[in-house]
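Down below is the structure, laid out as structure tokens.
What follows draws every value from the coordinates through simple rules; no lab data is involved. It should be emphasised that the depicted structure is a prediction, and the values quoted were computed from it without experimental measurement. Note that we place each Cβ from the backbone using ideal geometry, even for glycine, and neighbour counts take in every protein chain shown.
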Amino acid sequence: MKDYLVVLAGSPRGGEVTWNYLYKNVLEVLDADLAICTTNKFLENNSLFQKAKFKWIFEEYDDFFDYYREHFDKNWENYFNKGLDTGLYTSGSIHFVFKDYILKNHIQELKNYKYIIYSRFDQLHISPHPPGVENKILIPEGEDYFGVCDRHAMFPSNMSEKYLNICDFIDSDETMKFEDTYLNCEVTYKNQLINNNLINSVSRYPRSQFTTSLKGEPTNWRVPSYKLYFISKLMIKYPDEFVSSMKNQISNNSALSSLFKNFLFTLNYFYLETRKQLGKVKRIFFNYLLSFKILNIIFGHLILSKYNYSSFKQKKFNAGYGEISSSSKVVVPIDKIYGNLYSSIGYRTTPLDQTPHYKYINSFYNNENINKEEYVNYLKKYFPEINHDEKLDIFKKLKSEVEKNPNNFFILIKRDFDLFKTGKVKIIDGLHRAAILKSIGTTEIDCFIVDEIKYF
């Protein structure tokens, strides 16, 4: 009996180049068997089907939520509705089905091995995979998105049942004890590991693989936009993954050695790093130029004219915590406006309709108690010192005032590179006002561009 079984689950993406690296740096290095779990939609004549010892195939669902309707009857629907815009509702709900299918139908095959590597088809391994560690779940570093990266893991087979039961977790009442303002696949995965007492078994190792896609390949979430040059049709889905993997390889082998081992990947890495550093320099330089009032006005009239840019004698606004000065204004489509939310890793720029503020105020029109709770939980977590009931009353009163005279309300926004380059508007003051304006159907908001904040 072999020690390792590699399980690839989902849709066979990435192509033969990606899979050849899997064979070389995972299957051969660990002398592992291969299992593939996919639907009958992908019964193709490729190398995966030839190499796989196990082929776990089930019928494709037109709607994967039918799987949940067949097997679960409690909390799953409410749970997925919390992640409509984070990938949880779309790709996450599908990936979880594969875990549950294997749990219910093939758990005994897993237990015939010492270690299980559970992964996706589209992981390109540029370096040899590390061996298993007793009583540890090995997960590559990075790509956590407020939770734990869920694209690849190695774990002892005796943990299989607890590791794979994510659908049972989602359907259970246990999910309600986790208060998260941003619910995605990674956060769900982390919460499941915590709930199953597995989180302390997690050990991170330096990333040695990245997610690929063939040009034009269908996807349920992120569309790749970074081409791998000199490698036909192969795209990078998450550039940070690629850069991190290459940095680790170079640190272990030197740049010269990496050139010989993975010549084309190393060239692409240096190209991306150069472009990234030039982008940083450009951003710093442009923000410096914006510090000069005359240049700010010139750039405003040239670049932001589509937003009715106007400049005027400096105005001062009392924001409660400080005095905010502004000498320019734009009128911005509300879909271009983002909130800056507190999070465990600092500020997180979030589309307005994904903020707990908008969800809370919009829930009054849709009678959705869940969304109300999300805002309350946000206040409790990041503003424990304030009177939360009083804050809610103020928000509700503001809602009434805005509804009466929506044209009287505006927001204060950040003056930075993103505003001029992409039109991405980041709120400095006025997130509650913006949330209310969006909830009542306002399409544009007056935005004063902040020059300076003098804190009280």
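What the table below lists for this structure:
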| quantity | calculated |
| --- | --- |
| Pairs from K315/K414; K282/K306; K111/K261; K215/K359; K99/K381 whose Cα-Cα separation, in the structure shown, is over 26 Å | K111/K261; K215/K359; K99/K381 |
| Degrees between helix 185-195 axis and first principal axis of the chain (Cα, 0 to 90, nearest 10) | 70 |
| Segment E174-K316, extension gain: residue separation times 0.36 nm, minus the distance between their alpha carbons | 46.2 nm |
| Share antiparallel - DSSP beta bridges, the stretch 66-211, percent rounded to 5 | 70 |
| For R13, distant residues with modelled amide H under 5 Å away | F121, D122 |
| Taking all pairs of distinct alpha-carbon atoms in the chain, Kirkwood radius in angstrom | 24.8 |
| Residues F58 and Y342, FRET efficiency given R0 of 60 Å [Cβ-Cβ distance, rounded to 0.05] | 0.90 |
| Net charge, F146 excluded, C-beta distance under 13 Å - Lys, Arg +1, Asp, Glu -1 | -3 |
| Local net charge near D33, Cβ-Cβ under 15 Å (Lys/Arg +1, Asp/Glu -1) | +2 |
| Computed lengthening from Y382 to I303, 0.36 nm per intervening residue step minus Cα-Cα distance | 24.8 nm |
| Estimated 222 nm signal from helices in the chain, with DSSP H stretches of n ≥ 4 weighted -39500 (n - 2.57), rounded to 500 | -12000 deg cm²/dmol |
| Angle between the chain longest axis and helix 293-303 axis [Cα atoms, degrees, rounded to 10] | 60 |
| Order of W56, W76 under a 10 Å beta carbon neighbour criterion, fewest first | W56, W76 |
| Filter on K177/K454; K74/K114; K397/K424 - keep pairs with C-alpha separation over 31 Å | K177/K454; K74/K114 |
| For Y205, Y89, order by how many other beta-carbon atoms lie within 10 Å, fewest first | Y205, Y89 |
| Neighbour-count order for K237, K424, fewest beta carbons within 10 angstrom listed first | K424, K237 |
